[in-house]
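The block underneath contains the structure these notes are about, expressed in structure tokens.
The values are calculated or read from the model by the stated rules, or taken from the named source; none is laboratory data. Please read these numbers as outputs of a predicted model, since none were measured by experiment. Cβ placement follows ideal geometry from the backbone for every residue including glycine, while neighbour counts extend to all protein chains displayed. All accessible areas refer to the heavy atoms of the entire protein, side chains included, with ligands and DNA or RNA removed. Shrake-Rupley method; radii C 1.70, N 1.55, O 1.52, S 1.80 Å.
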Amino acid sequence: TRRSFLKWSGVAAGGTALVASTTNLGMPGSGPKAAAEGLADADKTVWSACTVNCGSRCPLRLQVKDGTVVRVLPDNTGDDSLGSQRVRSCVRGRSIRHRIYNPDRLKKPLRRKAGTKRGDGQWEEISWDEALSEIATKMEGIKEEYGNEAFYINYGTGVLGSTMACSWPPNETAFARLMNTWGGYLDHYGDYSTNQITQAYPYFYGDWVAGNSLDDAENAQLQVMFGNNPLETRMSGGGLTFVTQQTKKASDVRTIIVDPRYSDTTVGIADEWVALRPGTDAALVAGLIHVMLQEDLHDQDFLDTHCVGFDEDHMPDGAPENASYRSYVEGKGTDGTEKTPEWAADITGVPATHIRSLAREIAGAKPCAITQGWGPQRHANGEDASRSIFLLAAVTGNIGKVGGGTGAREGGVGLPIVKTFNTSLTNTDSNKIISSFSWLDAIDHGDQMDTFNAGVLEKPEPGVRAGKVPVDDEGNPTNIKLDVPIKMVWNYGSNSLVNQTGDNNASVEILQDESKAELIVTCDIQMTVSARYSDYVLPGTSTSEENDIHPGENATPMAYGIISSQAIDPLYECRTVFDICGGLAEHLGVSDQYYDGKDREDWLRDAVKATQAEDPDIPDYEDWKEMGLFRKNAGSVISLQEFRDDPEANPLSTPSGKIEIYSDRLARMAEKWTFDDFRPELVGDKLNPLPEYTDTWEGVLDSRESEKYPLQLIGHHYKQRTHSSYGNVDWMQEAHHQTAWINPIDAQERGISNDDDVFLYNDRGTVMIGARVTERIAPGVVSLPQGAWYTPQPSSEITPPPGANPEMPVDTGGNTNTLTSLHPSPLAKGNAVHTAIVQLVKA
Ligand SMILES: Nc1nc2c(c(=O)[nH]1)N[C@H]1C(S)=C(S)[C@@H](COP(=O)(O)OP(=O)(O)OC[C@H]3O[C@@H](n4cnc5c(=O)[nH]c(N)nc54)[C@H](O)[C@@H]3O)O[C@H]1N2
Ligand SMILES: Nc1nc2c(c(=O)[nH]1)N[C@H]1C(S)=C(S)[C@@H](COP(=O)(O)OP(=O)(O)OC[C@H]3O[C@@H](n4cnc5c(=O)[nH]c(N)nc54)[C@H](O)[C@@H]3O)O[C@H]1N2
Ligand code: SF4
Ligand SMILES: [Mo]
């Protein structure tokens, strides 16, 4: 601890107060009681919040002395019962001072030095006026030459949890409001979290459908979680990490977890671990259903009344013969292979005897709560993985039941916060929309992208997450095309220029070509990896420097929201994004429309008023601000209950009104979709009308056949960080090291022991990092937790291992995306970053 104090005590703002605070934190005599009550002589204690995108949201009580945050305290309201639970922050939130006062904090606007390349790290400090007027002038030039479709707001979730500072979805950001006063911009559908499952939903359920909330598992006989890890991905003490443990404690519901890793959730609540190979859930499900069909364990009634496409008697008009799922399992489909447990065992690595016993147990448990996390779908063909898990819930008849579930990720309730600032203007420009993962393609060759080759879609109705495939009168897909490539990228609260997207080295190459993207502007609080690849970097304020409203997340049965009060003055020359976009609006001559006569706090009051109209329980702005956290018990979520009870009266929004196990729309799209227009390696990709298993690029079979890259790489979401946020916090680095997880069998073969430095590499890049040798990961699989800071060292300084690409730098930060691919998934054009093959050797 002492070492980390030394490391940054001299650097941060308000140095004196900071030293006082760290002294206090380390004070051995203060004892647990004093620690809980905080610093006795603080000037004030204010409600603030941690607003990063970790799937939770925590209030923080910041203690301020002499204008500096000196101590971070958790929620002290609520209790330990579900519905009114205390929202204790996790260790990241408790270390937020180290993020507020981090040495990487940006101080002044920066301009990339003339004559240097993006990424060279050569900057000039400039005034706000210079920065905003230069950016505005460049924006005007781009608009004149290319029009508004050339402006893009990049994916970025660093301030997802705020209202005025909101960084995602794009149409709820301050930059979107600015652009909407000025002709619009190119929007995106989907998100890096859920691209594949979002685009899978329409073809199975019609719309986004939640699972039952996780507290409802107390009514289940069995809970089965596919790649769902709430104990690490919803870490708030008020969140699902608490809910799942309380539910397990209360009901002792038997819990099976299907995951290549023995995750923290497996540690915490599982009775059984099914260690399948990554990307093979659809094969496991086919094997399970084979057993159920042979032993007549499936729910034929539910399939007959609520679904189409399961067997030959229930197919949509015009579907070819033997295209049903039953035919696929029985080996009568086009591949002619019966999906026996032995077939599934060979692909998944789960023994056939285990598949048989699992099938009997899952089908026999009435009801059975089946959920999935988003790990299974962040893969090549992740769309089919997620649909296959929905299918398992359908075949066992658990959909719409208390104690059952839809096979989707757990549902949740929240407060209906209406963000009037962001939604009172709509995008006035084009009807076109691209996948959140297609933007590098759109920079590189946007004017060649269309629906069939790149998933350019029509904008959906507000609030709908999936884009719409354009169709003609007969329902056949038609083609729309982008007119121009992306020329300006706005990157706010995002480390997704490089670091969070995929294939860092290839991304850098595209971004460094100034003939492509002409203007890249980042607004962040710190000098991140992405900021390095920008032309201008604008210093933003952190949540502690602002007033804002923060919707709570994933605490069902509790719904809650936080209003934070500004704890300290903006540091250095930092500005709120409201002011930054306001300044740009002034330079672009649209400030009247942008402000609409209101300041930042007016908009916050406005949002509370609009929210009260939706939910009369919501307190007034001032009262809420005083209480910090407002909570209510909103009850459990049971999804599709009405559809289950009466499918005729409550049809789904699919063309048939039923669950579509075979999708006629996907069959028609499959005839038009092309995959090899830009990348020869996309040959072999396909759309499947059924949720079937596909042997994909860099899947398990490739790893088995490849002498060069025999290991499958995934990169789980990790408790050290929220993506890259908190990744530069010394306390967090000390608490949870960045290491590559590898099974002892694979480690032994390579002469690797725990803590040895290793190289991980493939054609796309090389990482050097410590090894964690552990039976908590399946043999043949490596996990390098996603989000570490990409730190490329030239190959002249660190020699890559023999066999690695000698051209590529060695990333000593250990970022997974140094090894992942920009190859999009076939339907969603999503980030398949859990699909990659690598070699691992001792360094
Ligand atoms: N390989 C691999 N890659 C992945 C994933 C994976 O599973 N594997 N997961 C993907 C997923 S699900 C997601 S959501 C994305 C997340 O990707 P990003 O949304 O890019 O997430 P972060 O890395 O947290 O970046 C957030 C940025 O916001 C900044 N920020 C934080 N607070 C503030 C603030 O108050 N003001 C301003 N201006 N900036 C602030 C942070 O400094 C940080 O640079 O990553 C994706 N990338
Ligand atoms: N601590 C922390 N919490 C976070 C985040 C974070 O960065 N840090 N990020 C937040 C965000 S934005 C999101 S989107 C969510 C992400 O939530 P998820 O997408 O659910 O998280 P992942 O870790 O990618 O995957 C969940 C589990 O799936 C497993 N898995 C990987 N591939 C497969 C597969 O093919 N099949 C199966 N069955 N399992 C597989 C992984 O080992 C992991 O344990 O987490 C949120 N919470
Ligand atoms: S990282 Fe998430 S769980 Fe941790 S304090 Fe922040 S909001 Fe809460
Ligand atoms: Mo995410």
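Can you give me the relative contact order of the chain as a percent, contacts being Cα pairs under 8 Å and 6 or more apart?
Numbers: 2068 pairs, mean separation 153.1, N = 843.
Answer for the chain is 18 percent.
The largest accessible area among His306, His587 belongs to the first residue in His587, His306, and the rest follow in falling order (1.4 Å probe, all chains).
I'd like the carbon and sulfur percentage of the solvent accessible area for the chain, probe radius 1.4 Å, heavy atoms only, ligands and nucleic acids excluded. Intermediate results must be reported in sequence, preceding the final value.
On the way: 13580 of 28910 Å².
The value for the chain is 47 percent carbon and sulfur by accessible area.
R0 = 30 Å: FRET efficiency of His736 with Ala250, Cβ-based, nearest 0.05? Write out the running numbers ahead of the final one.
Values: r = 29 Å, r/R0 = 0.98.
Once the sixth-power term is evaluated, E becomes 0.55.
Rolling a 1.4 Å probe over the heavy atoms of the protein chains gives the chain an accessible area of 34 Å² per residue. Each of Gly349, Phe390, Ala363 was placed along the dipole of the stretch 349-470 (beta-carbon charges, centred on the mean Cα), and the one lying farthest toward the positive end is Ala363. Under the simplified labelling scheme, the Asp66-Glu145 pair shows an inter-label distance of 5.2 nm, with each label point 7 Å from Cα along Cα→Cβ.
Working ranking of peptides 351-360, 277-286 by packing, defined as the average number of other Cβ atoms within 10 Å per residue, highest first, is 277-286, 351-360.
Remark: the Glu626-Glu342 segment gains 96.1 nm on full extension, using 0.36 nm per residue and subtracting the alpha carbon distance. For the set Arg575, Arg409, Arg111, the ranking by accessible area, highest first and with no ligand, DNA or RNA atoms included, is Arg575, Arg111, Arg409 under a 1.4 Å probe. Sorting Lys672, Lys658, Lys829 by accessible area puts them as Lys672, Lys658, Lys829; the probe is 1.4 Å, largest comes first, and only protein heavy atoms count. For the cross-link pairs Lys113/Lys138; Lys432/Lys481; Lys44/Lys632; Lys44/Lys65; Lys332/Lys686, the ones whose C-alpha atoms lie over 18 Å apart are Lys44/Lys632; Lys332/Lys686.
Note on Lys686 and Glu130: the model spin-label points, each 7 Å out from Cα along the C-beta direction, lie 5.9 nm apart. In a reduced charge model with +1 at each Lys and Arg Cβ and -1 at each Asp and Glu Cβ, the chain shows a dipole moment near 2880 debye about its Cα centre.
Multiply the residue gap between Glu321 and Thr478 by 0.36 nm, knock off their C-alpha separation, and tell me the result in nm, one decimal place. Don't skip to the answer; put the middle values down first.
Numbers: separation 157, 0.36 × 157 = 56.52 nm, distance 2.59 nm.
Full extension from Glu321 to Thr478 adds 53.9 nm.
Which value in Å is the Kirkwood Rh of the chain over different Cα pairs? Working shown, then result.
Values: mean 1/r = 0.0363 Å⁻¹.
27.5 Å is the Kirkwood radius here.
On full extension, the segment bounded by Gln641 and Glu312 gains 115.8 nm, given 0.36 nm per residue less the C-alpha separation.
Inter-part distance, the stretch 589-665 to the stretch 425-456, computed on C-alpha centroids, equals 27 Å. Projecting the Cα atoms of Gly455, Tyr185, Thr266 onto the dipole axis of the chain, where Lys and Arg carry +1 and Asp and Glu carry -1 at the beta carbon, places Thr266 farthest toward the positive end. Put simply, the amide H of Leu222, placed in the peptide plane, has neighbours under 5 Å in Ala369, leaving out anything fewer than 5 places away on its chain.
Consider all pairwise Cα distances in the stretch 700-842 and report the whole-number % of them above 22 Å.
Working: 3592 of 10153 pairs.
Value for the stretch 700-842 (Cα pairs over 22 Å): 35 percent.
Taking the Cα centre of the stretch 452-571 as origin and assigning +1 to Lys and Arg Cβ atoms and -1 to Asp and Glu Cβ atoms, the resulting dipole is close to 120 debye.
Think of the stretch 700-842 as a dipole: +1 on every Lys or Arg Cβ, -1 on every Asp or Glu Cβ, centred on the Cα centre; then among Val729, Pro794, Ser753, Val729 lies furthest on the positive end.
About its Cα centre, what dipole magnitude does the stretch 700-842 give when the only charges are +1 on Lys and Arg Cβ and -1 on Asp and Glu Cβ, stated in debye to the nearest 20? Let's see the in-between values first.
Numbers: 10 positive and 15 negative charges, 86 e Å.
Taking the Cα centre of the stretch 700-842 as origin, the dipole is about 420 debye.
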